[in-house]
Amino acid sequence: MTDAVHVPFLDVHAAYRELRDELDAACRRVMDSGIYILGPEVDAFEASFARYCGATHCVGVANGLDALHLILRAYGIGEGDEVIVPSNTFIATWLAVSFAGARPVPVEPQESTYTIAAAAVEAAVSARTRAIIAVHLYGFPAEMEGLRAVASRHALPLIEDAAQAHGAERAGRRAGTLGDAAAFSFYPAKNLGALGDAGAVVTNDATVAGRIRLLRNYGSAAKYRHDTKGVNSRMDPLQAAFLAVKLAHLDEWNARRRRVAQIYLDGLKEVADVSLPTTFEGILSAWHLFVVRHPRRDEFAARLRRAGIDTIVHYPIPPHLSPAYRELGYAAGSLPVAETLARAVLSLPIGPHQTPAAAEQVVECVRRVC
Ligand SMILES: Cc1ncc(COP(=O)(O)O)c(C=O)c1O
């Protein structure tokens, strides 16, 4: 009798197991330092992550949602303003705009890349538009060259939601340097994941970085002097110490993800009804997720589950149809690309601790159930 196949979607504990000694030492160092808010661990990680991205500034915050929200506030965006966002993103992109007091204006993505592109964004610009947020969804860096041209024409900041794209590149430039300011999430399942919540803003703009430093810490540069109405969104030094350990492994771990992706791309290219992600010369996806499309997605996922393969849908309900956004009044069918994608997308297992053998098992099961 052979063992039953089980390929988990992602094993986050495996990351801890691989780096246990270094992470435990980092934890002890922080505990022994007696510094539990900001301080040298946060400064050191900020400097390393800015260097990694090829940017001049990184400001650590509490999570990716705050990173996005604080970027918008740093640009002075608020009540009565509009911000262009993709129709097919994790709801945090929209919530950041709402929390700033502005209105998210959705733009449909290109089906080939799942990201927004220049022509559709240009058509959505109005007199109230104050910024464009491009999301590097699933780790694929959006077409920033075209978006940059639109942003420049209308004098708008171009913001990257790089929560899923640590280490992704376009023409040799890393996510985090492809727009005016970028938001990263270090949620544990991300390509660079903390052991809890954390996030960061990366930018070459010293003014924006300075404002975010104020905003994340009660609007205060000096103790008990408050220059603006800030929030408490400081990166935890414990998470900074863990992230510094893991950053040294990011490129190797992304290379492991790429190997898994290549096994899928090679092994699934002629499987009926399964549409694979498109790859492009000069664009390096971070392969945060490996997303396929299937016309009978739920049945396909159920068969894979029975075969021992875990999958997840990113995301089953687009933000405009989520009850949270009922007040915007979108009817079903109003953003058909996002809605069609939400019905068809399925993420196969991928991660830095998934072995090539497990990836081959996924290929075999997909071929079998199709
Ligand atoms: C595209 C996108 N934007 C923003 C976020 C928000 O990040 P966080 O969960 O750290 O707040 C996430 C992750 O959860 C994300 O995937």
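The values are calculated or read from the model by the stated rules, or taken from the named source; none is laboratory data. Small disclaimer: the values here were computed from a predicted structure and weren't measured. For neighbour counting, all protein chains shown are included, and Cβ atoms are generated from backbone atoms with ideal geometry for every residue, glycine included. Keep in mind that these areas ignore ligands, DNA and RNA; they rest on the heavy atoms of the full protein, side chains included. Shrake-Rupley method; radii C 1.70, N 1.55, O 1.52, S 1.80 Å.
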Of the candidates 200, 123, 261, which one comes out as most mobile in a Gaussian network treatment of the chain with C-alpha springs shorter than 10 Å?
123
Where trypsin sites (Lys or Arg not before Pro) in DSSP loops with at most 13 other Cβ within 10 Å are excluded, longest remaining stretch of the chain
1-127
Where GluC sites (Glu not before Pro) fall in DSSP loop in segment 199-283, at most 12 other Cβ within 10 Å:
270, 281
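Compute, for segment 1-134, the length of the dipole vector about the Cα centre, with Cβ point charges of +1 (Lys, Arg) and -1 (Asp, Glu) only. Units Debye, rounded to 20.
Working: 9 positive and 17 negative charges, 71 e Å.
Roughly 340 debye for segment 1-134.
Any idea what the dipole of segment 187-340 comes to, in debye rounded to 20, about its Cα centre with Lys/Arg Cβ at +1 and Asp/Glu Cβ at -1?
Details: 21 positive and 15 negative charges, 99 e Å.
Dipole of segment 187-340, to the nearest 20 debye: 480 debye.
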Note, ³J(HN,Hα) from phi for segment 282-292, Karplus 6.51, -1.76, 1.60, rounded to Hz, x at Gly and Pro:
x, 10, 9, 6, 7, 6, 4, 10, 10, 10, 10
Just to check, using Stokes-Einstein with a Kirkwood Rh over alpha carbon pairs, what's the diffusion coefficient of the chain at 25 °C and 0.890 mPa s in µm²/s?
116
Could you list which residues have their amide H under 5 Å from that of residue 135, counting only those 5 or more apart in sequence or on another chain, with H placed in the peptide plane?
116, 161
So which chymotrypsin sites (Phe, Trp or Tyr not before Pro) in segment 209-265 are both in a DSSP loop and have at most 13 other Cβ atoms within 10 Å of their Cβ?
224
Taking a crude spin-label model, label points 7 Å out from Cα along the C-beta direction, the residue 189 to residue 110 distance in nm is 2.7
Could you point to the residue in 206, 313, 235 farthest towards the positive end of segment 188-340's charge dipole, with +1 and -1 charges on the Cβ of Lys/Arg and Asp/Glu respectively?
235
In a Gaussian network model over the chain where Cα atoms closer than 10 Å are linked, find which of 171, 134, 14 has the largest mean-square fluctuation.
171
Using a Gaussian network model on the chain with a 10 Å cutoff between Cα atoms, which of 178, 72, 23 fluctuates the most?
23
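Full-extension gain between residue 17 and residue 228, please, as 0.36 nm times their residue separation minus the C-alpha to C-alpha distance. Please list the in-between numbers first.
Values: separation 211, 0.36 × 211 = 75.96 nm, distance 4.27 nm.
Residue separation times 0.36 nm, minus the Cα-Cα distance, leaves 71.7 nm.
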Simple spin-label estimate for residue 343/residue 370, 7 Å along Cα→Cβ, in nm, reads 2.0
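Using 0.36 nm per residue, how much length does the chain from residue 154 to residue 258 gain when fully extended, once their Cα-Cα distance is taken away?
Working: separation 104, 0.36 × 104 = 37.44 nm, distance 3.67 nm.
Between residue 154 and residue 258, full extension yields 33.8 nm more.
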Computed ³J(HN,Hα) along segment 188-193: with the Karplus parameters 6.51/-1.76/1.60, θ = phi - 60°, integer Hz and x for glycine or proline, the list is x, 7, 6, 4, 10, x
For a quick check: with amide H placed at 1.01 Å from N, whose amide H comes under 5 Å from residue 173's, ignoring anything fewer than 5 positions away on the same chain?
none
At what distance in nm do the modelled label points of residue 29 and residue 332 sit from each other, each positioned 7 Å from its Cα along Cα→Cβ?
5.4
With only helices counted (DSSP H, runs n ≥ 4, each -39500 (n - 2.57)), the per-residue ellipticity at 222 nm for the chain, to the nearest 500, works out to -12000 deg cm²/dmol
Accessible area of the chain with a 1.4 Å probe: how many percent of it is carbon plus sulfur?
53
